Amino acid sequence: MNPEIHFPLPPPKVLTPQEELKTFKLPPGFHAEVVASEPMIETPISISWDDQGRMYVVEMRGYMHDVDGTGEDQPIGRISRLESTKGDGIYDKASVFVDNLLLPRAAMALGDGVLVNEPPNLTWYHDKDGHGVASDQDIASTHYAQKGGQPEHMANSPTWMMDNWISSANYDFRFRLQPGGKFLTEQTEAFGQWGCTQDDWGRRFTNSNSDLLRADLFPPSYYLRNPHLLSRTGLSVQVMKDQWTWPSVPTPGVNRGYIEDTIKDGKKVPGSLRPDGTLESVTATCGPGVYRGDLFPKEYRGNVFIPEPAGNLIKRVILTEKNAEITAANAYEGKEFMTSTDERFRPVNAYTGPDGALYIVDIARGVIQHKGFLTYYLVKNIQDRKLETPFSLGRIYRIVPDKTSPKLVKLPKETAKIPAMLTHPNGWVRDTAQRVLVERGDASVAPAVQKIATTGSTPQARVQALWTLEGLNALTPEVVKATLHDKNEKVRAAAVRVADPALLPDLVKLAADPSTEVRLHLAFKLSGHDEPEATKALLTLIEGGGPLFGEAAASGLNGHELEFLDTLLKLPASEDAKLATSNVLNLLSACVMKERKGARVAHLLELVAAQPAGGSRQLALLNGMAGKAPAKGKTASFGRPIHLNEAPAGLATLADSKDAKVKALVDRIDPQIVWSGKPGWVEPVVPALTAEQQALYDKGKTIYSTICVACHQPSGLGMPGLAPPLVDSDWVLGQPDRIIRIVTQGLSGPIDVVGSKWSLEMPALPIFDDEQVAGILTYIRREWEHTASPVAPAFVTSVRAAIKDHTKPWTADDLKKPVDVKTVSAK
């Protein structure tokens, strides 16, 4: 293919770090400084500081030496340790701490060394002799990302969070350091693509290439208690809706530069480039950093700085919080915090540093897209404009206010002096003090930390101290009781989270707390407790609360949703309006359906039928059972039916209802429930795969677990803001030519998937041959209890031939139109 390049420009000049500084545009009062660059470092992708201000730099030196990915099989990556011998933040001394790594992805300073991700391992390297080079190592995990695959779509950014767990982006496990240096592993939710950061209260923020910022308003551990609860609106919340971006120069070299503006349903769907050649909406965002330092003016604290390497810029967004919900907005109208006129300025991570400055990691190269997702358009742009070289540059900048000379903060060597650092105005210092204290586990510091938790001068210090005590196993009832009544809602919310169940009498008193955030944390905390006082308080919280309160109530009820429904349905009818605002009846009935136990579904139908006909309770319960309503003119997609032992009497009663709304909901529920002898129901017979088809399935499973899994997840349920679900998707299970077209030539949203609208782009995957495509599709059409037909390589070949003249990604409307495939069986 020979695509037309929009806004063709001459090859850009390769700039030195000092020349690069002149290309930056920053707000008045700020300037950038080079703190490290080539040849000291090459291809940096992330950094982490230890308690003495030494910087560990992950150098992915084997990454994309050309569009074919030459060099990626060579173990030439490394972790360098940089030192600022003058303490001024300019790093002038380096040692190679760990060498000979194959595409290392991440590092996190820990103890006497650093945690390093070289897939598939997460390894703790130690410097026990103090020479600046790793001398020993311990394996923390053997399944931290897959060896090979797409670096941008694998686990990365291990971060010691305020709750003393090490969480990551794009990874569904977290780790907790145990006495003796071992790690406890626990499942969590995998969110984000590249980069992970937290705010002053320990909330995790992530993003993905076309989605600027998402936040976990509540800990994923709350929700994971109940796998039947699919409504998780407190997790990975899209806090930044506006995806526009404002580069300072044309940016033709973007992966989807061929996509033009279109009109869909009367609304503009943006393409990739504006008429002036600048990137219109984000396509490569990564590495967000919440600014928690004390160097910038006060109005910058708590802002999030987000790199967009395809646009050669850093975006600043301002967070606003109300009633426990967060929204974000660009800090400027039609411009960005930091832009460059150099196409090789490729920022990939942003951090608050030990000096309070904002640090920017610049991979500094022309090629940033991995070969697995390179479009023909971008390949031509790269080669025509000679962007493949050089690939051995690398810069780290810090942004500082003018007329300042910030110094690195180093923690005291003596453990007894570290607690005072929990009160420092720089969040990096507080985080590091907490980590080091928990690492060392010295109980003698507990009294000092307890005093900060109850009387610290700022809520940030008090919250940090609470979590430090939690990590030290040094929380006392007296400290928690005092902080449950702190004047600041953030401290009270943290106290609820760390409180022992023995403090239930004190916890339930917060059911009338004026703070929505405190009450929500309390609802999550109390869910699943059997004590009557806990149930009474939970009912108080639910009544009049919004949908998040319903989710909180359901989160701890795994397998006990019906029993709690019984309790709710015994409330007087006068409470119905209050119950309705929380959506709790809908959520709990949906959980019972998700549990898929026939006897419990039959019992639920009896409960529903016993409610006042057409009343708010009955309709809420039926809506939960029915699931999301299909779009107008479309049929509902509900996956596999639930098997009951016999015809449910409750369903028959409901089917005889005279209420139109009830009948419509029963019509949606009826196909989801089957029993032996049900009229019209025939148990489907799914032909077993032949030996050849099974081999394709196995090959597809291997490819999926290496490449596709990062976005679509092992469960096939996808990832919010990044990838739609494959499970029960008509696009996967319907006519196989449609999914072949998506995989081979890409997709441009919007598109409806399992009842939800997605507006993200999926690039073509030209790296897969026909047999590999057939294997992947056979796998996803037969995994997760799917029963669709396998796909033959010859059929993929025929589809490719039929669409050879189609040069753009498919839209949903285009995919609905049949293609003229020669008569070759999909099987």
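Checking every residue in region 646-665 against the condition of being among the β-branched types (Val, Ile, Thr), more than 41 Å from the chain's Cα centre (by Cα) and not in a loop (DSSP other than H, G, I, E, B) gives at least one match.
A search for C-beta distances below 9 Å between a residue of region 613-630 that is in a helix (DSSP H, G or I) and any residue that is surrounded by 14 or more Cβ atoms within 10 Å (Cβ to Cβ) and among the aromatic types (Phe, Trp, Tyr), counting only pairs 6+ apart in sequence or on different chains, returns Ala626/Phe638.
Going through region 645-657 one residue at a time, which ones are out of contact with any Gly (no Cβ under 8 Å at 6 or more places or on another chain) and of a type outside the set (A, V, I, L, M)? If the condition is that a residue be out of contact with any Gly (no Cβ under 8 Å at 6 or more places or on another chain) and of a type outside the set (A, V, I, L, M), then Glu646, Pro648, Gly650, Thr653, Asp656 are the ones that fit.
Candidates are the residues of region 227-255 that are under 30 Å from His6 (Cβ atoms) and open to solvent by 50 Å² or more (accessible area, probe 1.4 Å); the one that is nearest to the chain's Cα centre (by Cα) is Gln238.
As a summary of the residue check, Met64 satisfies the conditions (1) in a loop (DSSP other than H, G, I, E, B); (2) in contact (Cβ under 8 Å) with a residue 60 or more places away in the chain; (3) over 25 Å from Thr375 (Cα atoms) except for the one numbered (3). Filtered by the rule that a residue be hydroxyl-bearing (Ser, Thr, Tyr), crowded, with 20+ Cβ neighbours inside 10 Å and under 30 Å from Phe373 (Cβ atoms), region 189-226 gives Thr197, Thr206, Ser208. Return the only residue of Lys371, Lys410, Lys417 being farther than 25 Å from Ser46 by Cβ and not aliphatic (A, V, I, L, M). Answer to the selection: Lys417. Tell me yes or no: at least one residue of region 145-156 is open to solvent by 10 Å² or more (accessible area, probe 1.4 Å) and modelled with pLDDT of 90 or more. Checking region 145-156: not a single residue is open to solvent by 10 Å² or more (accessible area, probe 1.4 Å) and modelled with pLDDT of 90 or more.
Conditions tested, residue by residue: (1) aliphatic (A, V, I, L, M); (2) open to solvent by less than 50 Å² (accessible area, probe 1.4 Å).
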{"position": "Pro750", "(1), (2)": "no, yes"}
{"position": "Val753", "(1), (2)": "yes, yes"}
{"position": "Ser759", "(1), (2)": "no, no"}
{"position": "Met762", "(1), (2)": "yes, no"}
{"position": "Phe768", "(1), (2)": "no, yes"}
{"position": "Ile776", "(1), (2)": "yes, yes"}
{"position": "Ala788", "(1), (2)": "yes, yes"}
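Checked against (1) open to solvent by 30 Å² or more (accessible area, probe 1.4 Å); (2) touching a residue at least 40 places away in the same chain (Cβ under 8 Å); (3) more than 28 Å from Asn312 (Cβ to Cβ), Asn426 passes all but a single condition, namely (1). Any residue that is surrounded by fewer than 14 Cβ atoms within 10 Å (Cβ to Cβ), aliphatic (A, V, I, L, M) and touching a Leu at 6+ places or on another chain (Cβ under 9 Å) - is there at least one of those in region 442-456? Yes. Scan region 666-683 and give yes if some residue there is modelled with pLDDT under 95, over 41 Å from the mean Cα position of the chain (by Cα) and surrounded by 13 or more Cβ atoms within 10 Å (Cβ to Cβ), otherwise no. Yes: region 666-683 contains one or more residues that are modelled with pLDDT under 95, over 41 Å from the mean Cα position of the chain (by Cα) and surrounded by 13 or more Cβ atoms within 10 Å (Cβ to Cβ). Could you please let me know if Lys13 is within 31 Å of the chain's Cα centre (by Cα), surrounded by fewer than 16 Cβ atoms within 10 Å (Cβ to Cβ) and either of a type in the set (A, V, I, L, M) or within 29 Å of Arg274 (Cβ to Cβ) (or both)? No.
Scanning region 496-537 for residues that are open to solvent by less than 50 Å² (accessible area, probe 1.4 Å) and in contact with a His (Cβ under 8 Å, 6 or more places away or on another chain) yields a count of 4.
Test Ala140 against the criterion of being in contact with a strand residue (DSSP E or B) (Cβ under 7 Å, 6 or more places away or on another chain), surrounded by fewer than 24 Cβ atoms within 10 Å (Cβ to Cβ), under 24 Å from Phe191 (Cβ atoms) and in contact (Cβ under 8 Å) with a residue 12 or more places away in the chain, and give yes or no. Against the criterion (in contact with a strand residue (DSSP E or B) (Cβ under 7 Å, 6 or more places away or on another chain), surrounded by fewer than 24 Cβ atoms within 10 Å (Cβ to Cβ), under 24 Å from Phe191 (Cβ atoms) and in contact (Cβ under 8 Å) with a residue 12 or more places away in the chain), Ala140 qualifies. Identify the single condition in (1) at pLDDT below 70; (2) among the charged types (D, E, K, R); (3) in contact with a Leu (Cβ under 9 Å, 6 or more places away or on another chain) that Asp242 does not satisfy, given that it satisfies every other one. Of (1) at pLDDT below 70; (2) among the charged types (D, E, K, R); (3) in contact with a Leu (Cβ under 9 Å, 6 or more places away or on another chain), only one is false for Asp242: (1).
Among the residues of this structure, Leu115 does not count as one that is out of contact with any Leu (no Cβ under 8 Å at 6 or more places or on another chain) and under 30 Å from Val34 (Cα atoms). Checking each residue in region 598-612 for being open to solvent by less than 70 Å² (accessible area, probe 1.4 Å) and in a helix (DSSP H, G or I) picks out Gly598, Arg600, Val601, Ala602, Leu604, Leu605, Leu607, Val608, Ala609. If you go through region 730-770 and pick out every residue that is in contact with a Pro (Cβ under 8 Å, 6 or more places away or on another chain) and of a type in the set (Phe, Trp, Tyr), you end up with 1.
The set of residues from region 294-309 being open to solvent by less than 10 Å² (accessible area, probe 1.4 Å), touching a Leu at 6+ places or on another chain (Cβ under 8 Å) and not in a strand (DSSP E or B) comprises Phe296, Asn303.
Residue check: is Ser789 farther than 20 Å from Ala764 by Cα, of a type in the set (Gly, Ala, Ser) and out of contact with any His (no Cβ under 6 Å at 6 or more places or on another chain)? Yes; evaluated as a whole, the condition is true for this residue.
Of the residues Val379, Val367, the single one that is more than 19 Å from Ala106 (Cβ to Cβ), at pLDDT below 95, of a type in the set (A, V, I, L, M) and open to solvent by less than 10 Å² (accessible area, probe 1.4 Å) is Val367.
Give the number of residues within region 311-331 that are within 30 Å of Pro12 (Cα to Cα), open to solvent by 10 Å² or more (accessible area, probe 1.4 Å) and touching a residue at least 40 places away in the same chain (Cβ under 8 Å). Summing the residues that are within 30 Å of Pro12 (Cα to Cα), open to solvent by 10 Å² or more (accessible area, probe 1.4 Å) and touching a residue at least 40 places away in the same chain (Cβ under 8 Å) in region 311-331 gives 1. Of the residues Lys822, Lys817, Lys808, the single one that is modelled with pLDDT under 90, in a loop (DSSP other than H, G, I, E, B) and under 29 Å from Ala695 (Cα atoms) is Lys822.
Report the residue count in region 379-436 for those that are part of a helix (DSSP H, G or I), within 22 Å of Trp467 (Cβ to Cβ) and under 31 Å from the mean Cα position of the chain (by Cα).
Going residue by residue through region 379-436, those that are part of a helix (DSSP H, G or I) are 379-384, 415-417, 419-423, 427-436.
Restricting the remaining residues to those that are within 22 Å of Trp467 (Cβ to Cβ) gives 415-417, 419-423, 427-436.
Okay, now just the ones that are also under 31 Å from the mean Cα position of the chain (by Cα), so 421-423, 427-436.
Counting residues in region 379-436 that are part of a helix (DSSP H, G or I), within 22 Å of Trp467 (Cβ to Cβ) and under 31 Å from the mean Cα position of the chain (by Cα) gives 13.
Of all residue pairs spaced 6 or more apart or on separate chains, those with beta-carbon atoms under 6 Å, a first member in region 797-822 that is within 23 Å of Gln772 (Cβ to Cβ) and a second member that is exposed (fewer than 11 other Cβ atoms within 10 Å of the Cβ) are Ala802/Asp820.
Would you confirm whether any residue within region 343-359 is at positive phi and open to solvent by less than 30 Å² (accessible area, probe 1.4 Å)?
yes
Where strands (runs of 3 or more DSSP E) sit wholly within region 77-120, those with at least 3 residues that are hydrophobic (A, V, I, L, M, F, W, C) and either closer than 14 Å to Met55 by Cα or open to solvent by 30 Å² or more (accessible area, probe 1.4 Å) (or both) occupy 93-101, 106-110, 113-118. In region 559-603, the qualifying residues are those that are over 34 Å from the mean Cα position of the chain (by Cα) and among the hydroxyl-bearing types (Ser, Thr, Tyr), and the one that is farthest from Leu229 (Cα to Cα) is Ser574.
The values are calculated or read from the model by the stated rules, or taken from the named source; none is laboratory data. The structure displayed is predicted, hence computed values, not measured ones. Note: ideal-geometry Cβ built from the backbone for every residue, glycine included; neighbour counts use all protein chains shown. To get the accessible areas, we keep the full protein, side chains included, count just its heavy atoms, and leave off ligands, DNA and RNA. Shrake-Rupley method; radii C 1.70, N 1.55, O 1.52, S 1.80 Å.
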